[in-house]
Amino acid sequence: MMWNFMSLVGKTLIKFKKILFLLNKKTYFGFVNGHSYLTKYETAILYDLLAGNEKSNGRVTKQFENEFSKLIGNGKAVSFAAGRMAFYSLMKILEIGTGDEVILQASNCAVMVNAVLRIGAKPVFADIDINTMGTDPNSVHKLITSKTKLIVAQHSFGIPCEIDKLVEIANQHDVFILEDCALCVGSRYKGVKLGNWGDAALFSIDHSKPINCMIGGLLYVKNEQLYQKIYEYKNKLPYLNKKHQAALFKQLLFEKEYFNPNKYSLAKLIELYKRILNKIIKSQIIFLTDEYNHPDSQQTANYPYPAKLPVFISQLGLYELQHFKTSMGKRTQLLNEYINVFVENDQIQLLPKAYFDKRNEIIPLRLIAHLPNRYEAEKYFNKIFEINSTWFLKPIIACEDPEKLEYIYGSCSNSELSSESIINFPCTFDPKYRKKILVPLNSFLSKRINLQLN
């Protein structure tokens, strides 16, 4: 009894300390950028589509899929309520199941592993190439067996992996290869836009990804026969219920207002309050968070899996595509300015070599650095941006324990080593705020040099 009481007091003090910290911040950066560009008219259209009949407005989703596919290449796209649902659907269509193996990299999200386990197959984890943060071809080559039915080639943070080598390996073994472009839209490798190398490509459009539609994902393919199978499969799926969609719309309005550097600390404070309140009064789930652990551990389903992309989200996607070219330019500008700070401080060894590889044209989602003393870095940069939202602090993120998802520690040394020092820097904010991060970054790196010299 006393232990439970002391634990509650401790947690309360930590939250109170966080509240004081957030109240004191004037400018604070996150990794999600709200839809501040939406006009009242556009917001009203989204609401009308939310309230309307989904079947009669299905043309909106088709238009979004067509426009998205044009952004990637000359293939066709099919949308789903989440990227992992698109992945699961593809495996279903390819008749992958019990006894089959799917190779996907460590430094991954639990929802991808969950989809493999849900289909009945075995996830096999390839290591990352530390120079690209993407799938390592050498690791994949060692893992292929007669049971391998699918290779997931992951591009991370906007950085291309060596996809040409992975395609060659897949072709040699007659294995289907899926490009995981969840973290990359618009980047090119050897002049070819990512998504056009493999047999199919997977894209995510949730609110932390390059195109922010709150939730969603797409499969992109060039094979007409495969496209028809995916499209027909998708059309038989249900939608998220209206209550769930309404919660998403409400969250969209919240992020539109507060997810910017001037109000982000207040947004985090409000979200902290909501989380505390939700423990008392269970509210409608907003994001699709059921697949963060092993499917056998899931007790109830809060939404259909897989499901169609809501129509109002498709319209939001069309708005996002209209602004995407401008967004790419801003993020590329920020990437170059980040890199210049590392170069000027003679600290390029802290960055992936892919940033300097002329084969790459990188449209960043986040800048990646490996800082030896991450505790010191976290303490320093947490005053400026939400550093605890750094991805891949363990081989499989968004789960309680990677081993419960069949990951074996010691099997992917690069991923595990990376997780000890990786730091993500945001690239989604307006460059007019750049000095708020670049100046402290320069000071941090300068201090590091002085410590090395002394």
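The values are calculated or read from the model by the stated rules, or taken from the named source; none is laboratory data. Note that this is a predicted model, so its numbers are computed, not measured. Cβ coordinates were reconstructed from backbone atoms using ideal geometry, including for glycine residues, and neighbour counts include every protein chain displayed.
Tell me yes or no: at least one residue of the range 310-319 is at pLDDT 95 or above, under 30 Å from residue 436 (Cβ atoms) and of a type outside the set (Gly, Ala, Ser). Within the range 310-319 (the criterion being at pLDDT 95 or above, under 30 Å from residue 436 (Cβ atoms) and of a type outside the set (Gly, Ala, Ser)), the answer is yes, since at least one residue qualifies.
Sort out which residues of the range 339-397 are acidic (Asp, Glu), under 21 Å from residue 185 (Cβ atoms) and in a loop (DSSP other than H, G, I, E, B), and write them in order of number. Quick ask: steps written out before the conclusion?
Start the filter on the range 339-397 by keeping residues that are acidic (Asp, Glu), which leaves 344, 346, 357, 361, 376, 378, 386.
Cutting the leftovers down to under 21 Å from residue 185 (Cβ atoms) gives us 357, 361.
Across the range 339-397, the qualifying residue is only 357.
The set of residues in the range 141-179 being touching a residue at least 40 places away in the same chain (Cβ under 8 Å) and part of a loop (DSSP other than H, G, I, E, B) consists of 144, 145, 147, 157, 158, 160. Here's a check for you: in the range 118-135, which residue that is under 17 Å from the mean Cα position of the chain (by Cα) and either at pLDDT below 95 or in a loop (DSSP other than H, G, I, E, B) (or both) is surrounded by the fewest Cβ atoms within 10 Å (Cβ to Cβ)? Within the range 118-135, the match that is surrounded by the fewest Cβ atoms within 10 Å (Cβ to Cβ) is 132.
If the condition is being of a type in the set (Ser, Thr, Tyr), touching a helix residue (DSSP H, G or I) at 6+ places or on another chain (Cβ under 8 Å) and in a helix (DSSP H, G or I), then the range 199-244 contributes only 233. Scanning the range 251-287 for residues that are basic (Lys, Arg), under 23 Å from residue 316 (Cβ atoms) and without any contact (Cβ under 8 Å) to a residue 12 or more places away in the chain yields 263, 274.
Which residues, taken from the range 403-432, are without any contact (Cβ under 8 Å) to a residue 12 or more places away in the chain and part of a helix (DSSP H, G or I)?
So in the range 403-432, the residues without any contact (Cβ under 8 Å) to a residue 12 or more places away in the chain come out as 403, 410, 432.
Of everything in the range 403-432, those that are without any contact (Cβ under 8 Å) to a residue 12 or more places away in the chain and part of a helix (DSSP H, G or I) turn out to be 403, 432.
Within the range 21-35, the set of residues being among the hydrophobic types (A, V, I, L, M, F, W, C), over 30 Å from residue 221 (Cα atoms) and at pLDDT 95 or above comprises just one member, 29.
Residues checked against (1) under 19 Å from the mean Cα position of the chain (by Cα); (2) in a helix (DSSP H, G or I):
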{"residue": "248", "(1), (2)": "yes, yes"}
{"residue": "254", "(1), (2)": "no, yes"}
{"residue": "262", "(1), (2)": "no, no"}
{"residue": "272", "(1), (2)": "no, yes"}
{"residue": "306", "(1), (2)": "yes, no"}
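Scan the range 288-336 residue by residue and report those that are under 30 Å from residue 441 (Cα atoms), without any contact (Cβ under 8 Å) to a residue 60 or more places away in the chain and not basic (Lys, Arg). Within the range 288-336, 326, 329, 332, 336 qualify.
The set of residues from the range 140-163 being surrounded by fewer than 22 Cβ atoms within 10 Å (Cβ to Cβ), hydroxyl-bearing (Ser, Thr, Tyr) and under 17 Å from residue 414 (Cβ atoms) is empty.
Here are some residues: 312, 342, 356. Which one is more than 30 Å from residue 399 (Cα to Cα), of a type outside the set (Val, Ile, Thr), over 20 Å from the mean Cα position of the chain (by Cα) and buried (at least 18 other Cβ atoms within 10 Å of the Cβ)?
On the way: 312 fails: more than 30 Å from residue 399 (Cα to Cα); 356 fails: buried (at least 18 other Cβ atoms within 10 Å of the Cβ).
Among 312, 342, 356, only 342 is more than 30 Å from residue 399 (Cα to Cα), of a type outside the set (Val, Ile, Thr), over 20 Å from the mean Cα position of the chain (by Cα) and buried (at least 18 other Cβ atoms within 10 Å of the Cβ).
Scanning the range 359-411 for residues that are surrounded by fewer than 17 Cβ atoms within 10 Å (Cβ to Cβ), under 16 Å from residue 104 (Cα atoms) and in contact with a strand residue (DSSP E or B) (Cβ under 7 Å, 6 or more places away or on another chain) turns up 406, 411. Evaluation of residue 115 against the conditions (1) on the phi < 0 side of the Ramachandran plot; (2) more than 19 Å from the chain's Cα centre (by Cα); (3) modelled with pLDDT of 95 or more shows that the sole unmet condition is (2). Candidates 49, 38, 13: the one that is modelled with pLDDT under 95 and either more than 25 Å from the chain's Cα centre (by Cα) or in a loop (DSSP other than H, G, I, E, B) (or both) is 13.
Scanning the range 289-304 for residues that are surrounded by 15 or more Cβ atoms within 10 Å (Cβ to Cβ) and assigned to a loop (DSSP other than H, G, I, E, B) yields 290, 291, 292, 293, 294, 298, 303, 304.
Output the residue which, of all residues in the range 54-76 that are of a type outside the set (Gly, Ala, Ser), in contact with a strand residue (DSSP E or B) (Cβ under 8 Å, 6 or more places away or on another chain) and assigned to a helix (DSSP H, G or I), is nearest to residue 236 (Cα to Cα).
As a first pass, look at the range 54-76 and keep what is of a type outside the set (Gly, Ala, Ser): 54-55, 57, 59-68, 70-72, 74, 76.
Imposing the further condition that a residue be in contact with a strand residue (DSSP E or B) (Cβ under 8 Å, 6 or more places away or on another chain) reduces the set to 61, 64-66, 68, 72, 76.
With assigned to a helix (DSSP H, G or I) added as a condition, the list becomes 61, 64-66, 68, 72.
Details: 61: 15, 64: 19, 65: 17, 66: 19, 68: 22, 72: 26 Å.
Only one residue tops the list, namely 61.
With respect to residue 325, determine if the residue is of a type in the set (Lys, Arg), surrounded by fewer than 17 Cβ atoms within 10 Å (Cβ to Cβ) and either touching a Phe, Trp or Tyr at 6+ places or on another chain (Cβ under 6 Å) or more than 30 Å from residue 47 (Cβ to Cβ) (or both).
Numbers: of a type in the set (Lys, Arg): yes; surrounded by fewer than 17 Cβ atoms within 10 Å (Cβ to Cβ): yes; either touching a Phe, Trp or Tyr at 6+ places or on another chain (Cβ under 6 Å) or more than 30 Å from residue 47 (Cβ to Cβ) (or both): no.
So residue 325 fails the test.
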